[in-house]
Amino acid sequence: MDRRQFLRGTGAAVLGAGLVSKAGAASLPEAPIFTNPATQPPLHPHAGRPYNPVVTLNGWSLPWRMKDGVKEFHLLAEPVVRELAPGMTANLWGYNGSSPGPTIECVEGDRIRIFVTNKLPEHTTVHWHGIILPNGMDGVGGLNQPQIKPGKTFVYEFNMTKSGTFMYHPHADEMVQMAMGMMGMLIVHPNDPEFMRVDRDFVFMLNAFDIEPGAATPMINTMLNFNLWCWNSRVFPGIDPLVCRTGDRVRIRSGNLTMTNHPLHLHGVDFEVTGTDGGWVPKSARWPEVTTDVAIGQMRAFEFLADNPGDWAFHCHKSHHTMNAMGHDVPTMIGVDQREVTKAISKLLPDYMEMGSAGMAEMGAMEMPLPDNTLPMMTGWGQYGPIEMGGMFTVVKVHDDVKPGDYSDPGWYKHPEGTVAWEWTGEPLQAERHPGPAADESTLNAVKPSGHQHH
Ligand SMILES: [Cu+2]
């Protein structure tokens, strides 16, 4: 994908023209609308100070205009339709056509002016999560400002005093508006583009929905029992791979606006957490890890050298977070002989299948009948078969043949001969089991209740 493809996307071309014709006029900046859920290439700055743009996983960055030295953005809070993965769309609320809203990128030292137009059926505000700013710009409705009523536009304006990874979300009817998908990432780049420079800088939001199988609109009063665990409002197999070129230095940034924590686990490399909510972690304070927990309301950035080629699993380590909605209410059937029950039910329901007696892996390959607009609970295919995942799972692809700056899917990793786990076809397993050591009689006596010994 390139810049041209980005501009060809829904609505974004309108913005390009609008930026030129209206810049300088006393008018609102254009509010581009973009609904394509595919990962868009980095948006390189056309003005202002230079920075190395991020790539938003299954998302995009909000274009801006320069107006008398101030960077102007325009967010449109509005209902959106989001494809969570092929086969399922959801009626969400978001910004500028998408949920999460577009990533906002600026530079340490910038003065930014963000216009927020409310096209929701109720009032809203925007809170700039983690940004140090004047109190009246903090966006807590009622506390720091009046609510933004439907149809109204408010203006936020402040200086970006430090670089790092931040978020934005409403601080008005928060439970409903966040359950509906209103959130986005905010990246402040360092003043010096060489500071902690990486070759690839990915960012995504950890978010969750509770959508009944067969439905399309989230339940808004759910406290903990969410059933769709998303990265940028996408679930596996709808989450794009993070494509890297062998030898790249890579940063992954994430913010958590779900109601639980997510231990992010990356296979194949060691990484170091280099950024937290408060800013960058000094080198002397970092340690190597393969999993980092992102707690509720937190942001984490971690970095690694992509020197180990392959297709590496990258996922939340809570196993029910790598599963889609259907899996959560299934009873445990492991070891249960369902044959008699199946016979009885089959008389009434000829299509009935028994499930789960030997684990649930069979469901990863099965094309089960599902309600409309519902994803299988574990699905997705790799080059060797079903991956049996859902939710917060994708693949970091480290390949030699990826071009610098290219984020398109290079296909599956070609394993060098003799480097894939293989099936043993020699002498079969000996079926007999060895007995354990003989029980010692004195030990047996010692555990007998003493009263019995005397009768
Ligand atoms: Cu999780």
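Find the residue count for region 78-127, including only residues that are aliphatic (A, V, I, L, M) and under 30 Å from Asn191 (Cα atoms). Walk me through how you get there before you give the answer.
Step one: of region 78-127, the residues aliphatic (A, V, I, L, M) are 80-81, 84-85, 88, 90, 92, 104, 107, 112, 114, 116, 120, 126.
Those left that are additionally under 30 Å from Asn191 (Cα atoms): 104, 107, 112, 114, 116, 126.
Adding up the residues that qualify gives 6.
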Would you pick out the residues in region 240-259 that are surrounded by fewer than 18 Cβ atoms within 10 Å (Cβ to Cβ) and within 16 Å of the ligand (Cβ to nearest atom)?
Met259
Residue identified as of a type in the set (Ser, Thr, Tyr) and at pLDDT 95 or above among Thr217, Thr246:
Thr246
Those residues of region 382-404 which are touching a residue at least 40 places away in the same chain (Cβ under 8 Å) and at positive phi, in sequence order:
Gly391
Filter result for Ser233 (small (Gly, Ala, Ser), part of a loop (DSSP other than H, G, I, E, B), modelled with pLDDT of 95 or more and away from the ligand (no atom under 13 Å from the Cβ)):
yes
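Among strands (runs of 3 or more DSSP E) lying entirely in region 60-159, which contain 1 or more residues that are farther than 23 Å from Gly255 by Cα and within 25 Å of the chain's Cα centre (by Cα)? Spell out how you get there, then give the answer.
Values: elements: 65-67, 70-85, 88-95, 104-107, 111-118, 127-129, 153-159.
Strands (runs of 3 or more DSSP E) meeting the threshold: 88-95.
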Got at least one residue in region 292-302 being farther than 25 Å from Trp229 by Cβ, away from the ligand (no atom under 15 Å from the Cβ) and of a type in the set (Gly, Ala, Ser)?
no
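Which one is farthest from the chain's Cα centre (by Cα) among residues in region 242-297 that are farther than 30 Å from His171 by Cα, part of a loop (DSSP other than H, G, I, E, B) and of a type in the set (A, V, I, L, M)?
Looking at residues that are farther than 30 Å from His171 by Cα, part of a loop (DSSP other than H, G, I, E, B) and of a type in the set (A, V, I, L, M), I get Val269.
Which one is surrounded by the fewest Cβ atoms within 10 Å (Cβ to Cβ) among residues in region 303-340 that are at pLDDT below 85 and within 16 Å of the ligand (Cβ to nearest atom)? Walk me through how you get there before you give the answer.
The first filter runs over region 303-340 and keeps only residues at pLDDT below 85, leaving 324-340.
Among the residues that remain, those that are also within 16 Å of the ligand (Cβ to nearest atom) are: 324-325, 327-328.
On the way: Asn324: 27, Ala325: 28, Gly327: 18, His328: 13.
Filtering first and then ranking leaves His328.
Residue by residue, here is whether (1) more than 16 Å from the ligand (Cβ to nearest atom); (2) part of a loop (DSSP other than H, G, I, E, B); (3) modelled with pLDDT under 95; (4) surrounded by fewer than 22 Cβ atoms within 10 Å (Cβ to Cβ) holds:
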{"residue": "Val176", "(1), (2), (3), (4)": "yes, no, yes, yes"}
{"residue": "Met182", "(1), (2), (3), (4)": "yes, yes, no, no"}
{"residue": "Leu186", "(1), (2), (3), (4)": "yes, no, no, no"}
{"residue": "Pro193", "(1), (2), (3), (4)": "yes, yes, no, yes"}
{"residue": "Arg197", "(1), (2), (3), (4)": "yes, yes, no, yes"}
Among the residues of region 206-225, which ones are buried (at least 23 other Cβ atoms within 10 Å of the Cβ) and within 13 Å of the ligand (Cβ to nearest atom)?
Leu206, Asn207, Ala208
Residue match in region 260-268 (condition: surrounded by fewer than 14 Cβ atoms within 10 Å (Cβ to Cβ) and more than 16 Å from the ligand (Cβ to nearest atom))
no
Given (1) closer than 30 Å to Ile239 by Cβ; (2) of a type in the set (A, V, I, L, M, F, W, C); (3) surrounded by fewer than 23 Cβ atoms within 10 Å (Cβ to Cβ), Met167 misses just (3)
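The values are calculated or read from the model by the stated rules, or taken from the named source; none is laboratory data. All of these numbers come straight from a predicted model, not from anything done at the bench. In this analysis, Cβ positions are derived from the backbone assuming ideal geometry, glycine residues included, and neighbour counts consider all displayed protein chains.
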